[in-house]
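Participant: The structure's right below; bear with me while I get my questions together.
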Amino acid sequence: MVAAAAAFFPVTSSLPDSGGNKIGAGNANLGGLKSKHVSAGLQVKANAHAPPKINGTKVSTSVENYKHEDVLPSSQSSRTFINQLPDWSMLLAAITTIFLAAEKQWMMLDWKPRRSDMLIDPFGIGKIVQDGLVFSENFSIRSYEIGADRTASIDTIMNHLQETALNHVKTAGLLGDGFGSTPEMCKKNLIWVVARMQVVVDRYPTWGDVVHVETWVSASGKNGMRRDWLLRDYNTGEILTRASSVWVMMNKHTRKLSKIPEEVRGEIGSYFVESAPILEEDDRKLAKLDDSTADYIRSGLSPRWSDLDVNQHVNNVKYIGWILESAPQSILESHELCAMTLEYRRECGKDSVLQSLTSVYDAGVGNLAQSGRIECQHLLRLEDGAEIVRGRTKWRPKPVNHFDIANQVPAGST
């Protein structure tokens, strides 16, 4: 208590001799023990600031019975109430310091860049570039997006392409209530459906890679729209994937194809780019497979609730997975998909049951692992025979560091 009081009420270590009784004289112990008179003196100082009163009348205490000359030297009698106040500047300085430190910490936690070029966020929503005609967006390849080869799957690539297309429509301010539909399309109950997709994969990204996707749209005939994509390595600029697609409109209630209304054409026409497709079209006819021409058949495929999009039809990427369900395991283990062409014939419902058929070309079926490039034909159909998707895929041998067999010791090396 004395130490705390001394911090705000300084007390001199010695008092001058006033001719009366000396505080600390006689039997005073300088080792920390003080005489009874010193204690009384401190008690007077502590109570001198606020004499106790009851109903406005001053109440005398036993301390007042001491004679003034026996307690305080004459030199101390001149000290006033103001002189006894603590050093408030020290307390104010301490409070100010605490406040400034807290404000600095809060500013560090709530910091935001003053200019857009001060901090580059490679995983933002994307942006429209090149005079508003091209949309670009970056994606990081996550651990759950890679397969046994430690590379991104074809499903991951296709999902990033689809996400970029939708964000393009959203950023352009053309997104209505539908899934990629413009406001005028929503008024007329129209949606976009893909009719044809062509993809070429030069190299698959790996876990932790950042890919940069660019997309743009062009007219395709009188009643179609073409959308192209270019996927690059964000750090090196290397082209990883090129893709081109053709889209048409369908009434979401009648499920029938529709012409592009003039109102919709007026919305999207200014965003069309006059350019050739990013891929040379593979216009070879896709063969129709049946039980007699297919080498592999997988039956009993059906969509789950999570496979449906907001337009209540199966997501386009899901069809690719179903097509590859009938691909032979030996190809999946020794080769990687490098190109595919898909033609979407009709959609399937949530209660549909499908069959996947695959026919292998350019290699002996029993010697696929040692083959070079392989080409396959595919068909996805309903159990009643109605065609859903026709497809063609091309496969190349996997890189050495992506296949366990390549890491084994050669037979003649021991």
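The values are calculated or read from the model by the stated rules, or taken from the named source; none is laboratory data. What you see is a predicted model; the values in this text were computed from it and never measured. Don't worry about glycine lacking a Cβ; one is built from the backbone with ideal geometry, like all the others, and counts go over all protein chains shown. Surface accessibility is based on the protein's heavy atoms, side chains included, excluding ligands, DNA and RNA. Shrake-Rupley method; radii C 1.70, N 1.55, O 1.52, S 1.80 Å.
Participant: With a 1.4 Å probe and all protein chains kept in place, how much accessible area does Thr254 have, in Å² rounded to the nearest 10?
Facilitator: 80
Participant: Could you tell me what percent of the accessible area of the range 282-401 is made up of carbon and sulfur, with a 1.4 Å probe and every protein chain present?
Facilitator: On the range 282-401, the fraction of accessible area on carbon and sulfur atoms equals 45 percent.
Participant: Sticking with this one: At R0 = 25 Å, how high is the FRET efficiency between Asp155 and Glu238 if r is their beta carbon distance? Nearest 0.05 is fine.
Facilitator: 0.70
Participant: Each label point is 7 Å from the Cα along the Cα-to-Cβ direction; what then is the distance between the points at Ser275 and Leu92, in nm?
Facilitator: 6.7
Participant: Would any residue of the range 216-249 have its amide N under 15 Å from a label point 7 Å out along Cα→Cβ of Asp283? List them or say none.
Facilitator: Inside the label zone: 221.
Participant: Could I ask something else about it? Given H placed on each backbone N at 1.01 Å, which residues far from Asp209 in sequence or on other chains put an amide H within less than 5 Å of it?
Facilitator: Ile141
Participant: Ordered by residue, what ³J(HN,Hα) values in Hz, to whole numbers, does the range 237-250 give under the Karplus form 6.51 cos²θ - 1.76 cosθ + 1.60, where θ = phi - 60° and Gly and Pro are x?
Facilitator: x, 5, 6, 9, 9, 10, 8, 9, 9, 10, 10, 10, 9, 9
Participant: I've got another one for you. Of Met225, Met249, Thr164, which is farthest on the positive side of the dipole of the range 123-279, counting Cα position, with +1 on Lys and Arg Cβ, -1 on Asp and Glu Cβ, and the Cα centre as origin?
Facilitator: Projecting each Cα onto the dipole axis, the largest value belongs to Met249.
Participant: Under the Karplus relation 6.51 cos²θ - 1.76 cosθ + 1.60, θ = phi - 60°, what is the ordered set of whole-Hz ³J(HN,Hα) values for the range 93-102, x standing for Gly and Pro?
Facilitator: So the Karplus estimates, Gly and Pro as x, are 5, 5, 5, 4, 4, 4, 5, 5, 5, 5 Hz.
Participant: Carbon and sulfur together cover what percent of the accessible area of the range 123-279 at a 1.4 Å probe radius?
Facilitator: 51
Participant: Given a 1.4 angstrom probe, what's the average accessible area per residue across the range 282-401, in square angstrom?
Facilitator: 47
Participant: I'd like the distance separating the alpha-carbon centroids of the range 136-180 and the range 197-217, in whole Å.
Facilitator: When both Cα centres are located, 10 Å separates them.
Participant: Could you report the accessible area of Leu257 in Å², rounded to 10, computed with a 1.4 Å probe on the protein chains as they sit in the structure?
Facilitator: 130
Participant: Sticking with this one: Let's see if you can work this out: charge +1 on each Lys and Arg Cβ, -1 on each Asp and Glu Cβ, no other charges. What is the dipole magnitude of the range 282-401 about its Cα centre, in debye to the nearest 20?
Facilitator: Roughly 260 debye, rounded to the nearest 20.
Participant: So with the 1.4 Å probe, I'd like the accessible area per residue for the range 123-279, rounded to whole Å².
Facilitator: It amounts to 47 Å² per residue over the range 123-279.
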